[in-house]
Structures are given as C-alpha cells and as structure tokens.
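Asks: Just dropping this structure here.
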Amino acid sequence: MKACASSWLRFPAFALPAARFALLTTLLSAVLLAPPFKTTARFFLTRAQAPPTPAIKVVNLIPASLSGESNQDSEPFLAIQSENPQVMVASAFTPNPFSMTGNAPVYVSQDGGKSWALNAITPVQHMTCDITHAMATGENHPRGDLHAGTLACASGITLDESESNDVALGATMNVQSTRGNVDQPFVRALGVSSGDRIYVGVNDFNQANGHTATIDVSVNGGATYRSIPIEMRNTAGQDGPSVRPAVANDGTVYAAFFGWRKFNGKTATSDVVVVRDDAAATGANPFRALKDPTDKLPGLLVVKKVAIPWSNAPALGQERIGSTLSIAVDPNHSGTVYVGWADKGSKGDIYTLHVRRSTDRGVTWSKTDLPHTTIHNATNVALAVANNGAVGFLYQQLSRGRWVTHLVQSHDGFMTSQDFVLATVPADQPVGQFLPYLGDYDYLLSVGNEFRGVFCANNAPDFANFPQGVTYQRAADFSAKTLNDGAGIAVPISIDPFYFSVPVIP
Amino acid sequence: MKISTVFSSSLLGASLSLALCACANAAPQATNNSAALMSQSSIVFSGTVSQLAATSFADVPKSTQTIVVRVDSIVKKPAAVSLKKGDSVTVEVKDALGFQEGTQATFYTDGWIFGSGVAVKELGHVLGPAAESAPVTGAGPNTHGAQGKISDQELRDRMNKSDFVVVGRVTDVRKWNAPKAKSGAPSRVTEHDPDWQEAVVEVQSVLKGGKVKGNKVIVRFPSRNDVAWVNSPKFTKNQRGIFCLNRDQTTGSPTTGQGANVYTCLGHGDALPISEEARVRALLTNP
C-alpha cells in the first residue's frame, strides 16, 4: 500500500485539511475494492515491502482562472521539452475561452506539471478538431521548440504544421506547411545538431491509389516537408485514420498504421502494419527497411486481416471506436519496439486491446499478445519506453459503468507488471457534448525516471475517483464533490484533461 | 475624465495615444469610442494600477508593457472566466507611460493567458474611477458548455462574410449523399465525416444579399456530432430563424441537380432564433 499512502499526502488546493482524515477510509476502500485492482492487488502487496515510492502526480489541467468552464475538453496530448522537462505543452479540444474567432489554446506548464496556464497560440480559430505536438530540442529555445500538427474544421478540414520558439509568449505559432484533405496528424520529433527532425503521421487522401497512410517528414525544423506514402498494398480505398510514428535516439524511425483491406461501413478488415527507416527518413526511399516475408513488400504485417469495428456514434459507453493504435521504441535500443491496437476481439467484447513486441527491429513479433495485455472493452492505448527499458502501457477501460484509466509498467514484456489506476469515474456522466467523448487518443511519454502522460475524464472532485490522489487548479469543493466558478456559483461537471507523472519502475 | 484609446491602426502611431479632455463637445466621441471598445472587448473591468512592469502570476512574461491592476468592478467577462473584485489582473498595455501606481481606469481588453490568474491585452482604456457599478454581462462563447450568445462584434463579422442573411423557415430536412467522383475514387471515411443533410429554407425576407430565386434555398449542414462540426447549426423542420448563408464551397458539389446554387450555414451564430431579428437588423444598419 505504499503507493497509496504516499499519494495520500497530495491534496488539491481547494481541499479542506479536515476532510483528509475522513476521506482516508473512503480512498483506501476504493483502491482495494475497485474491480481493476483485483488483478493487481498482489503487486501492491509486494510493493508494500519496497522502499518508499516517489510521488505520483495527477493534476487537473483547467486553470483556476477558468473555473467557470464546463466544456468537453477531450482528446488530450502532451509534449515535453527534453532539454528542460519543467516545460511542457498539453492540448485538448479546449475552445478559446473568450472569443469564437481567437486562436485555439494549449496548456503550458513551466514547473514540471504542478501548474498549467492556457495560452491561445495555435494557428487555428477557436478550437482545433485534431492537435498533436512535440518538442525536439531546447538549446536555443528554452520554452520551445514546439512543433504542432493541427486540423482546422471551420469549413472543410485543413492541416497546419506549425512551430513556436517560445510557448509562453502568447505569439501565434508560425505555420510552415498547410494543405487540405488529410486526417489525424500525429507529430513526433527528434532534435539533432543540424535542426529538428519532424515526423507527422497523417491519413492523406491526396495520395494515389488509396495508399493514404503517410508520414510528412521534415529534416530542417519544419522549413520544408516531404510527404511519404508508407502503404504499399491494395487498400479498401484508404487506410485507417491512425498513422503513428516513433523515433529512437539513433535515428531509427518506425511507423504503424492500419492497412484497411476491406471496409463495409461498420467493420474494417485491417492489417496492422509497421514500417521502419534506419536513417531518420533522410534517404531517397524511406520506410522500406522492413519487408513482410509473405509478399516481400515494405511494411511488416504484425497481424493480418483483423476485424476492427468502426462507429462514428457512441459504441463503447459514450465513446466512438475505430482506430486506436500506438507504437513505441526503446529510445536507447532501437531494436526493441512495441505496438498496441484494438480490434473486435473475442465474442462479447466491443473493443479489445492488444500489445505485441519485437526485439529484432520489427522483423519478427510476438505471435500472441504479451501477457496480461489483452484488455477487454478498452481504448486509447498509448505506449512509451523509458530510458531503462521499462515499457509503459496507458489505456482506458469501460468497466462496470466506469471509465478506468490504467498505467501499467513492465520490465519483462508484462510477465510481471505494476498497474496503477489513475482514475475511475462514472461513464454515464457527464452527457457527451460531441464525439470523441474522451478522445480518439490519449498520450504517454517518458522523461528521466518518469512516465508522464495525459488522459481525459469526468472532472467531479471526488477523491474516490482518483486512487493515486489528484490536484485541482480550478475551484472545487472535495467535501461537497462540486465545482464552482471561483466566486461560489456552481459549475456542472464536464470532461477535463488530466496530467500525470508516475515514477518509472527501477 | 480622460480617455486614452489606442487602436492598432498605424494612423495613430505606436506611441501616440488619443487623449480627449472631458469637455462637453468631446463627450459624444468618448461615448462612441467606449461603445465601440465595449463591443470589441471580451473582458472589461475597472481597476486601480498596483504595479508597473510587473505581472500578477508567474506564467505571464513580464515586460515594460505589463502592469498589475487590482479589480474594482467587473463590467463584462465570459462566464468561464473566474474574475472578481479584489483580484489582480495582468494587463499588457499599449502605452505604459500612461499609467502610474494608483491610476484608476476602466480597461477594455481581450483575453491573453489564463493560469492561476488572468492576463489580458488592452484594446483601450478610460481613465478615472468607475462611474458606477455596472452589472456583469456575458461575453465569449463558453457558458457552461453550451453555445453562448454570439457577441455583436462576432455576429457583425459573420454577417460581413456571408453572401446572404435571410429570415426564413425550414420546410424540409433530408439526407444528402455527395455524388460519386468521376474518377471513381471511393468516398473518404474519417471520424470527421459530416454526414451532410439538406434543409429547404423558405425565405421570408432578405436582410443582406440579392433577391432569392423562387424564394427557396437549399442549405447543406453537417448532422454529425463530431468535434469538427459541433459549432455548426443543425436544422429541424419548421425551424424559423435568421440564417447567414454562404455559397457552398465545402461539400464539393455547389449546385443541385437542377443547377441551382446551394448554400452552407456552418459557423457558430450562422443560425439565430427569430427573436434576434431586431439585433441583426440593427447591426446591419449600423455596421
């Protein structure tokens, strides 16, 4: 119980000290009795014998000065300034709080995630309809260099690839590349002495022959981009929306995508495909290092022709489903790579997560899911690998009417693991304002000896919902379990983004 | 009363502030300026300058242009923004030389950074104490998750960008399937699929734009509740309202099968209830 005990000392700014003791019993009961812990209770008991666990941090991102908001701030993302990890940028479907025509904002932390401020710097008006970002280096830009991929959806859908050298200044990001007819940009970046290398996975409907899975590559900090199709096989007219790059420190770049082979409106029959490039995608024909032995074409088929349910309406609780995918490479040992996705799974499941691993640079993969990584009725898989090789597995599971957010870590391919429940919240509240309800993705990164990430959840200020503790910046009364606008006027619950930091297992 | 209104117009120059004495013949202009500033501003408050070249919370970059103002009264703010009497606000002013510690003014501002406190950018200010305690009025889009009332300025902008502004009634709503591309390319599948519908709008009067042929127009709108279209109006049969229409440049098929123009109505505030007619007419009359 050490993890729980240590987290107990972290209270939200608005919590009353008198409430602490009264809530102790509730919290411990919730931790022990919550269904997701049944499978992990053994580990918790084991950890009770270990040295004190460094603090776990869970922080609601909504600033105190926006305590009156009740938007559905779903689909979170996170970037960390690698040279100065005190600086981070997070995002969600958060609208500009004061104008329909002002820029869509991001959340900026300059103190390692303890506090966050909303800064309207993206090039999109009011609110993005997709945003991811990454910070590659920091030697010249102590509060940057942020590279973002955003979709603007005012009329039609437009991709902007943009940059900020100082995310705290408030200046609108500089748009470096723009085009229409694409979907779901997903940004990763690697800093090198010659300039940032940026990799943006997009589903690009401009590509010929339905080979829509694409990586936009810049090797000069975004000054120029090259769009590289990574699908080499026949498709059902297109690939799935998610195209995910992952970059190792040695310049090895992987990307995963759903190769849609058939689509009937409700189910995509899909391959899970992984491509690799060994030279940072700087060559003439990048992402062709992996060839599948069955057809000799670039792109290793990790699994073939799995059924992936597609629903643009609520299907898993209030959430839509259809394209959750993640890939992560060991930053220091680029031969080790993990991929996670969801498909129809076993009978009775709506959506089932899977995680597989390759230890030979993607040439061969585990034939079955890694132990304990077949997760029923779950979505938003996000994988990351820490400097010491530990893999983190973030996901959100619909369990007994609650959205339960897990972070699982392992050193040995999930033979043994540590599982922290970061949040367990009612799934039927609040009523969704739009889709996605929680997000088509959440995100996980590693920096130093921490896993850091973001997820979205019902923001009711209730300690029982956050077994590792939680800090709210916005005005909240944890005794009454209510929100207010800072002046005492009640504010309804909504979906908020939450930042977390969890120590990497040694 | 001294009014200092600094506009971004280069006509005024970077360091020139327009200062008007509170003499009788200047009052109408002052009133007009204040009204214009009120319309443009999302956050308006009266306060007392407490620090120069300072900020009220750590997330705001400090400069010679930033001052800290203690709030005496709130005139206008979005509901989402937590701001009350006694709070300290960082204001990035246009001309810091116009302020000293203890200066009292009404600040017309737009939001800037929202953290443990509020930081705003000055659009203009009126020196002197608040004349009287003014009621807080809503501004901005975020009122507890619902689409708030569009501001005058934003509505004016929407109408300026519209080809037509009409008063009308929806007589029919039907699904519309985009015709298949001549290239044979399949339609795209994305989570942002709008699932287009068509509304037939019977035009009762045209407030902006030319005559409407046949007094009926086809308006395409997204029925999907995806984030991309959450701010787009959704039409229902027998709905009456004021509609800001643009010729369809979004669906890829800008005419009906009979060659008539098709319109879209996609932005927040593009479909207003009929109760807004007087405001719309007034804004069109006094742009």
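Asks: At 7 Å along Cα-to-Cβ for each site, give me the label-to-label distance between A:Q86 and A:T482 in nm.
Replies: For the pair A:Q86/A:T482, the computed spacing is 3.9 nm.
Asks: Which Rg and Dmax, in Å, describe the Cα atoms of region A:278-397?
Replies: For region A:278-397, the Cα radius of gyration and maximum Cα-Cα distance read 15.5, 47 Å.
Asks: By DSSP, what percent of the beta bridges with both residues in the protein assembly as shown are antiparallel, rounded to the nearest 5?
Replies: Values: 199 of 212 bridges.
In the protein assembly as shown, DSSP labels about 95 percent of beta bridges as antiparallel.
Asks: Right, something else. Report the extension gain between B:S275 and B:K161 in nm, rounded to one decimal, defined as 0.36 nm multiplied by the number of residues separating them, less their alpha carbon distance.
Replies: Numbers: separation 114, 0.36 × 114 = 41.04 nm, distance 2.18 nm.
Between B:S275 and B:K161, full extension yields 38.9 nm more.
Asks: A further question follows. Is the shape of region A:429-489 rounded, prolate or oblate, going by the alpha carbon gyration tensor and its root eigenvalues a ≥ b ≥ c, with a/c under 1.5 for rounded and a/b larger than b/c for prolate? Don't jump to the answer; show the numbers that get you there.
Replies: On the way: a/c = 2.29, a/b = 1.35, b/c = 1.69.
Note, shape of region A:429-489 comes out oblate.
Asks: Dividing the convex hull volume of the Cα atoms of region A:110-171 by its residue count, what figure in Å³ per residue is obtained? Display every interim value, and only then the final one.
Replies: Numbers: hull volume 5.4 nm³, N = 62.
For region A:110-171, the hull spanned by Cα atoms encloses 88 Å³ per residue.
Asks: Still on this structure, please answer the following. Please give the length that would be gained between A:N388 and A:A490 if that part of the chain were fully extended, namely 0.36 nm times their separation in residues minus their C-alpha to C-alpha distance (nm, one decimal). Intermediate values should be presented prior to the final figure.
Replies: Values: separation 102, 0.36 × 102 = 36.72 nm, distance 4.60 nm.
Taking A:N388 through A:A490 to full extension adds about 32.1 nm, to one decimal.
Asks: Tell me which GluC sites (Glu not before Pro) from region A:107-206 have a DSSP coil assignment and no more than 15 other beta carbons within 10 Å of their own.
Replies: A:E139
Asks: Label A:D250 and B:Q204 with points 7 Å out from Cα along Cα→Cβ: what is the distance between them in nm?
Replies: 7.3 nm
Asks: Okay, next question. Please compute the Kirkwood hydrodynamic radius over the protein assembly as shown, one decimal place, Å, based on all pairs of different Cα atoms. Could you put the intermediate results ahead of the total?
Replies: Details: mean 1/r = 0.0362 Å⁻¹.
One decimal place: 27.6 Å for the Kirkwood radius.
Asks: Could you give the length gained on full extension between B:K180 and B:R247, defined as 0.36 nm per residue of separation minus the Cα-Cα distance, in nm?
Replies: Details: separation 67, 0.36 × 67 = 24.12 nm, distance 2.07 nm.
Taking B:K180 through B:R247 to full extension adds about 22.0 nm, to one decimal.
Asks: Return the calculated 222 nm mean residue ellipticity for chain A, to the nearest 500 deg cm²/dmol, obtained by summing -39500 (n - 2.57) across DSSP H runs with n ≥ 4 and dividing by the residue count. Don't jump to the answer; show the numbers that get you there.
Replies: Working: 3 runs with 30 residues, N = 506.
When only DSSP H runs of four or more count, the value is -1500 deg cm²/dmol.
Asks: With a ≥ b ≥ c the root eigenvalues of the C-alpha gyration tensor of region B:49-116, is it rounded (a/c under 1.5), prolate (a/b larger than b/c) or oblate?
Replies: On the way: a/c = 1.68, a/b = 1.25, b/c = 1.34.
The shape class here is oblate.
Asks: I want the local charge near A:N220. Using Cβ-Cβ distances under 14 Å, sum +1 for each Lys or Arg and -1 for each Asp or Glu among the other residues. Don't skip to the end; give the middle numbers.
Replies: Working: positive: A:R197, A:R226; negative: A:D145, A:E161, A:E163, A:D196, A:D216.
Residues near A:N220 contribute -3 overall.
Asks: Rounded to the nearest 20 Debye, what is the dipole magnitude of region A:373-506 about its Cα centre when Lys and Arg each give +1 and Asp and Glu each give -1 at the C-beta?
Replies: Once rounded to the nearest 20, the dipole reads 80 debye.
Asks: On to the next question. With contacts defined as alpha carbon pairs under 8 Å and 6 or more residues apart, what's the relative contact order of region A:310-424 in percent? The partial results should precede the final answer.
Replies: Working: 278 pairs, mean separation 22.0, N = 115.
Relative contact order of region A:310-424: 19 percent.
Asks: Could you grab the relative contact order for region A:80-452? Cα pairs under 8 Å, six or more apart, rounded to a whole percent.
Replies: 8 percent
Asks: For region B:153-285, how big is Rg over Rh, using alpha carbon atoms and the Kirkwood form of Rh?
Replies: In region B:153-285, Rg relative to Rh is 0.97.
Asks: Hey, if you put +1 on the Cβ of every Lys and Arg and -1 on every Asp and Glu Cβ in the protein assembly as shown, which of A:I56, A:Y499, B:V173 ends up farthest toward the positive end of that dipole?
Replies: Towards the positive end, the residue furthest out is B:V173.
Asks: Ignore the peptide's own chain and count Cβ atoms of other chains within 10 Å of each Cβ in A:127-133; give me the average, rounded.
Replies: Working: counts 6, 2, 7, 4, 0, 0, 0.
Mean inter-chain Cβ contacts per residue within 10 Å come to 3.
Asks: Moving on to the next point. Run the quick spin-label model on B:K84 and A:T374: label points 7 Å from Cα toward the beta carbon, then report their separation in nm to one decimal.
Replies: 5.5 nm
Asks: Rounded, prolate or oblate, given the Cα gyration tensor of region A:80-452, with a/c below 1.5 counting as rounded? List each step's numbers first, then the result.
Replies: Values: a/c = 1.25, a/b = 1.13, b/c = 1.11.
Taking the square roots of the gyration eigenvalues as a ≥ b ≥ c, region A:80-452 is rounded.
Asks: Treating the angle as unsigned and between 0 and 90°, give the value, to the nearest 10°, between the Cα long axis of helix A:17-33 and the longest Cα principal axis of chain A.
Replies: So the helix axis and the longest Cα principal axis differ by about 50 degrees.
Asks: Under a point-charge model restricted to the Cβ atoms of Lys and Arg (+1) and Asp and Glu (-1), what is the dipole moment magnitude of the protein assembly as shown relative to its Cα centre, in debye to the nearest 20?
Replies: On the way: 67 positive and 64 negative charges, 351 e Å.
For this selection, approximately 1680 debye.
Asks: Residue farthest toward the positive end of the dipole of the protein assembly as shown, with Cβ of Lys/Arg at +1 and Asp/Glu at -1: which of A:Y338, A:V192, A:L438?
Replies: With unit charges placed on the Cβ atoms, the residue in question is A:L438.
No value in this document is a laboratory result; all are computed from the given coordinates. The shown structure was predicted, so the numbers you read here are calculated from the model rather than taken from an experiment. Backbone-built Cβ (ideal geometry, glycine too); neighbour counts: all protein chains shown.
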